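Notes for the one structure printed next.
Just so it is clear, none of the values below were taken in a lab; they were calculated from the coordinates. Owing to the predicted nature of the structure, the values given are computational and were not obtained by experimental measurement. Note that we place each Cβ from the backbone using ideal geometry, even for glycine, and neighbour counts take in every protein chain shown.
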Amino acid sequence: MTRSLTLSAAAAFVLLALGALVLPDWAMFLFAMALAKGLVCLGIVGMMRGGLVSFGQGLYYCLGAYTATLVANTFGVSDIFLLTVLSTGVCLAVGLAFGPLLASYRGIFFAMLSLALSMVLYGSLSKMSFIGGTDGLNIAAPTFLGWAPEGRALQTALYLYVAVMVVIAGTLMRIYFDSEQGLIALAARDNELRVEYLGASVRNVNTYSYVFGAVLGGIGGTIAVLALGHVDPEFAFWTTSGEFVFVAILAGYLSVPSVFVAAIILEMVRSFSNLYFPNTWQLALGIFLLIVIVVLPDGLGSLVRRRKGDAT
Amino acid sequence: MTLKLENVEVTIQAAPILRGVSFEMQAAERMGLVGRNGAGKTTVMRTITGLATLAGGKVFWDGTDISAMSPRDRAMLGFGYMPEDRRLVPDLTVEENMLLPAWVNPDIDGARGLAFVYDLMPELTKMSARKSLLLSGGQQKMVALGRALIAGRRLLLLDEPFEGVAPALAKRISEVITSLRSEGLAVLIAQSELSHSMELLQRECVIERGEIVKVSTVGQDTAAQPVG
């Protein structure tokens with residue numbers, strides 16, 4: 001890990017941690033949710049770097065959330081670290097099962113297949129009345145290595161937990177993006193055939209990206225359900241996945257921090273437009289996306305690239 | 001080592017592009033594939049790398065039929081390909097572009113390959129950290145040649161290496177290819193005409209409308225030799 005990356009990670013954590021001191025309760029919850037969803041979107045951005053867009057990342061978001069909830073409710077596990085590890089493990093296993101299959105597809109076929117998988121989960125969960133059906137399930141507040149905070153302390157602890165996860169995941173993904181495999185993904189995005197005749201397996205590269213996306217989706221889903229205290233099949237619905245794609249487009253594939261900035265912007269735009277235009281907030285969101293696509297076709301990350309000249 | 005194409009047929013959207021193409025190359029041989037635009041030179045290159053699907057015939061390497069082998073597996077055999085349009089990754093630096101084959105093939109010593117290329121083309125050293133999208137067409141050609149040299153430990157396929165290149169740079173590329181004689185690499189160069197490569201080639205193979213019409217020693221205007 002380079003010194004500049006270490007410093008950037010430390011600076012990002014300090015900045016996020018400051019939020020715990022200055023943000024009011026409502027904003028801290030909003031930021032925690034936005035960052036949790038940002039983790040899911042980071043997985044999509046990883047795939048976008050290889051030229052793929054998953055419209056079904058809700059699958060892992062939902063799977064992570066349900067795994068954490070079921071483990072907590074069935075076995076009485078409340079530790080956030082253990083819940084994160086278990087749900088991420090389940091998402092990793094499912095990602096490894098589906099990854100090689102989906103990695104054979106490109107473009108709209110990959111997008112639709114990933115969407116289909118998440119909708120299968122949505123449909124299945126909706127019919128499973130023994131785990132709440134469409135009503136979903138509640139989960140108790142988490143504990144932190146035996147510590148059971150309440151009220152503002154709980155919210156702060158959750159916010160700091162997601163901040164730590166964001167910094168760790170963001171740093172690891174940056175390292176991956178700059179690694180040989182990460183750069184091969186970038187080459188595959190530009191021209192897949194070239195990568196093949198140089199000896200690389202585009203399928204393997206896409207499988208790695210998909211599996212990383214699954215893991216990040218699981219972490220994001222676990223944190224989201226612990227912040228909300230409730231999960232339902234909507235976590236896997238196509239509109240949820242669409243929201244993640246929205247953030248990924250807004251962020252672009254050039255920068256890691258821009259993913260979380262985009263996730264926060266989306267949550268803010270949605271919250272405020274919902275508040276001031278309760279009946280037409282989707283319209284406001286659509287107009288916002290249109291403006292971003294026209295002004296920044298490569299996303300927010302391209303602002304950083306323009307500033308740096310030619311950095312990737 | 002021998003590369004052998006035997007009655008190769010390639011069809012693209014029902015149009016026959018290659019018709020019964022047959023020729024052989026030996027280790028360390030430098031051969032020119034000469035023909036007008038649209039004659040099928042690039043398709044021959046793509047057939048050897050596995051990018052074009054065979055409609056008939058076979059491709060052999062060291063006596064083994066590799067017709068069904070993927071481009072990826074052929075790259076592992078030591079095939080280096082420099083396409084006519086260079087195909088560099090715009091977001092990667094010059095050095096990263098050249099190291100791409102070494103990242104995916106454990107048999108390639110990237111550092112050694114890079115040192116070899118920098119030794120042959122010292123001008124690339126100065127631009128090693130520059131993104132390839134910032135290079136001129138001629139410079140990109142040199143980077144593509146460097147990448148092909150790192151990937152191609154046994155066979156080098158160069159598609160129009162002198163096309164659109166300034167005379168000084170064309171001379172430089174020609175010198176680089178000439179200096180490979182001692183490396184034991186087989187080199188196949190596709191070109192519209194031989195003006196840049198008369199002295200660096202041993203044989204020429206003339207292709208017209210997807211058919212090999214003549215195989216001869218460079219400088220000797222012999223009648224067509226039997227091919228295949």
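Look at the stretch B:26-38: the mean tally of other chain Cβ atoms within 10 Å of its residues' Cβ atoms is 0. Per-residue Karplus couplings for region A:61-75, computed as 6.51 cos²θ - 1.76 cosθ + 1.60 with θ equal to phi - 60°, are listed in order as 4, 6, 4, x, 5, 5, 4, 4, 5, 5, 5, 5, 6, 8, 9 Hz, Gly and Pro entered as x.
The calculated FRET efficiency for the pair B:Asp107 and A:Val22, based on their C-beta separation and a Förster distance of 45 Å, comes to about 0.20. Each Lys or Arg adds one and each Asp or Glu subtracts one; over the other residues with Cβ under 14 Å from the Cβ of A:Leu285, this totals -1.
Here r is the Cβ-Cβ distance between A:Asn279 and A:Val304 and R0 is 60 Å; the resulting FRET efficiency, rounded to 0.05, is 0.95.
With a 10 Å cut-off around each Cβ of B:79-86, the average count of Cβ atoms from other chains is 2. Label separation (A:Ile108 vs A:Val120): 2.2 nm, computed from points 7 Å beyond Cα along the C-beta direction.
Take every DSSP beta bridge whose two residues both sit in the protein assembly as shown; close to 55 percent of them are antiparallel. Counting only aspartates and glutamates at least 8 places from B:Lys214 when in the same chain, those with an alpha carbon closer than 16 Å to its own are B:Glu6, B:Glu24, B:Glu193, B:Glu204.
Using the Cβ-Cβ distance between B:Leu133 and B:Ser179 with R0 = 22 Å, the FRET efficiency computed as 1/(1 + (r/R0)^6) comes to roughly 0.15.
Principal-axis analysis of the Cα atoms of chain B puts helix B:94-104 at an angle of about 60° to the longest axis.
Label separation (A:Asn204 vs B:Lys214): 4.6 nm, computed from points 7 Å beyond Cα along the C-beta direction.
In terms of the Cα gyration tensor, with a ≥ b ≥ c the square roots of its eigenvalues, is chain A rounded because a/c is under 1.5, prolate because a/b exceeds b/c, or oblate? Judged from the Cα gyration tensor, chain A comes out rounded (a/c under 1.5). For chain B, the longest principal axis of the Cα atoms and the long axis of helix B:110-120 meet at an angle of about 90 degrees. By its C-alpha gyration tensor, with a ≥ b ≥ c as the square roots of the eigenvalues, how is region A:140-294 shaped: rounded for a/c under 1.5, else prolate for a/b larger than b/c, else oblate? It is oblate, given that a/c is not under 1.5 and a/b is not larger than b/c. For trypsin sites (Lys or Arg not before Pro), the sites in region A:96-201 that DSSP calls loop and that have at most 16 other Cβ atoms within 10 Å are A:Arg106.
Kindly identify region B:2-217 as rounded, prolate or oblate by the Cα gyration tensor criterion: order the square roots of the eigenvalues as a ≥ b ≥ c, call it rounded if a/c is under 1.5, otherwise compare a/b with b/c, prolate if a/b is larger, else oblate. Cα axes put region B:2-217 in the prolate bin.
Residues whose amide H lies under 5 Å from that of B:Ile207, counting only those 5 or more places away or on a different chain, are B:Val34, B:Gly35, B:Val213; hydrogens are built 1.01 Å from N in the peptide plane. Ellipsoid fit via the Cα gyration tensor, region A:1-156: semi-axes of 29, 25, 14 Å, each the root of five times an eigenvalue, largest first. Where only DSSP H runs of four or more residues are counted, chain A gives -25500 deg cm²/dmol as its mean residue ellipticity at 222 nm, each run worth -39500 (n - 2.57). Taken residue by residue and averaged, Cβ atoms of other chains lying within 10 Å of the Cβ of B:99-105 number 6.
The angle separating the long axis of helix B:137-151 from the principal Cα axis of greatest extent in chain B is about 80 degrees. From the helices alone, meaning DSSP H stretches of at least four residues, give me the mean residue ellipticity at 222 nm for chain B, per-run term -39500 (n - 2.57), in deg cm²/dmol to the nearest 500. Mean residue ellipticity at 222 nm (helix-derived): -8500 deg cm²/dmol.
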